[in-house]
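The next block holds one structure in the form of structure tokens; read it before the comments.
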Amino acid sequence: MVEIKTAGEIQAIRAAGRVVAQVLAAVRDQAKAGTRTAELDEVLARAGAVSPFLGYQPGFAPVPFPAVICTSVNDAALHGIPGRYRLADGDLLSVDCGAVLDGWTADAAVSFTVGAPRPADTRLIAATGDALRAGIAAAVPGGRIGDISAAIGAAGRAAGYGICTDFGGHGVGRAMHEDPHVPNEGRPRRGHRLVPGLVIAIEPWFLAGGRDQYRIDGDGWTIRSGDGSRAAHAEHTVAVTEDGPQVLTVP
């Protein structure tokens, strides 16, 4: 069931979104060559919120997620588990973070390079960000979920990247994952109607090799490109309002 949020509820999600934005900024500042990804998993606890990721177990996962944030490195696109891996200069790191504050949830992700970037990674990250902005721009009253999906897909395909629709955006608010599903590719003017009060996480992720296939690691969580190419992920929590889309995961 799709839940429409009141103006007050949107403000409560915005408060959680500010925490998410602060955590992502702190993680980005801390992510230097030589840093273990497990060290990045300690930031949220200092922000006065709790993680909706820790202990989460959807149907595809054999075990609950064991960490507070997701840290996906290089060919890992989503759901990377922080651990003993030490970041190296030139790594492409995608960080996904959620926060629950006073019963309301927000979710966002960012990709960036540790140290000196490869030109191909810079293009991939930029294209993913462009797709996120295109998806957000389509989140207007009277539109459809398919308009968001089509905008994201068009940006990814134009850049030559692989896209998978098995994992994508979603409703968010009382829980981290709510209806509706927001695929990263689709047909315009199809799907659930966008109305004021709808709050969704829009999250493109692209695969540099141009193929749509992925694989899941033996940990049951980490999603990697099927061909070993690099991946990037970007996400914001967005409210559909009469005045247009409002991004809730900003400082």
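The values are calculated or read from the model by the stated rules, or taken from the named source; none is laboratory data. From a predicted model like this one, the values you see are computed outputs, not experimental measurements. Counting neighbours? That spans all protein chains shown, and the Cβs are built from the backbone with ideal geometry, glycine included. Quick note on the areas: whole protein, heavy atoms, side chains included, nothing else; ligands and nucleic acids left out. Shrake-Rupley method; radii C 1.70, N 1.55, O 1.52, S 1.80 Å.
Run the dipole for segment 123-251 about the Cα centre, Lys and Arg Cβ at +1, Asp and Glu Cβ at -1, nothing else charged, and hand back the magnitude in debye, nearest 20.
On the way: 13 positive and 14 negative charges, 73 e Å.
Approximately 340 debye in magnitude.
Membrane-span-like helices in the chain, defined here as complete DSSP H runs extending at least 30 Å along the helix axis by their C-alpha atoms with mean Kyte-Doolittle hydropathy no lower than 0.0, are 7-30; this is a sequence and geometry rule, not a statement about a membrane. Based on Cα contacts under 8 Å between residues 6+ apart, segment 66-145 shows a relative contact order of 22 percent. Annotation: extensible slack from VAL195 through GLN213 equals 3.2 nm (criterion: 0.36 nm per residue apart, minus Cα-Cα distance). Whole-percent P(r), segment 141-251, all Cα pairs, 5 Å bins from 0: 2, 12, 20, 23, 18, 13, 8, 3, 0, 0.
Ordering GLY226, PHE60, HIS236 by the projection of their Cα atoms onto the charge dipole of the chain, which places +1 on the Cβ of Lys and Arg and -1 on the Cβ of Asp and Glu, puts GLY226 at the extreme positive end. Taking 7 Å steps out from each Cα toward its Cβ at ALA88 and GLU42 produces label points 2.5 nm apart. The magnitude of the dipole of segment 176-248, with charges of +1 and -1 set on the Cβ of Lys/Arg and Asp/Glu and taken from the Cα centre, is near 340 debye. Using a 1.4 Å probe on the protein heavy atoms, what percent of the accessible area of segment 178-251 belongs to carbon and sulfur? Reported share for carbon and sulfur atoms: 46 percent. Scaled against the 2.2 N^0.38 Å expected of a compact globular protein of N residues, the Cα radius of gyration of segment 137-199 reads 1.11.
Label points 7 Å out from Cα along the Cβ direction at MET1 and ASP166: separation in nm? Result for the modelled spin labels: 3.1 nm. How many angstrom separate the Cα center of segment 171-218 from the Cα center of segment 51-75? Spelled out, the Cα-based centre of one part sits 17 Å from the other.
Per the Kirkwood treatment, what hydrodynamic radius in Å, one decimal, follows for segment 62-152 from the mean inverse distance over all distinct Cα pairs?
On the way: mean 1/r = 0.0658 Å⁻¹.
In segment 62-152 this quantity evaluates to 15.2 Å.
With every protein chain kept in place and ligands, DNA and RNA left out, what is the accessible area per residue of the chain? Probe 1.4 Å, answer in Å².
Averaged over the residues of the chain, the accessible area is 41 Å².
What is the list of residues in segment 134-165 whose amide nitrogen lies under 19 Å from a point 7 angstrom out from the Cα of GLU242, following Cα to Cβ? Only 139-143 pass the distance filter. Charging the Cβ of each Asp and Glu at -1 and of each Lys and Arg at +1, and nothing else, the dipole of the chain about its Cα centre rounds to 360 debye.
Stretched out straight at 0.36 nm per residue, the stretch from ASP227 to ARG123 would grow longer than its current Cα-Cα span by 35.6 nm.
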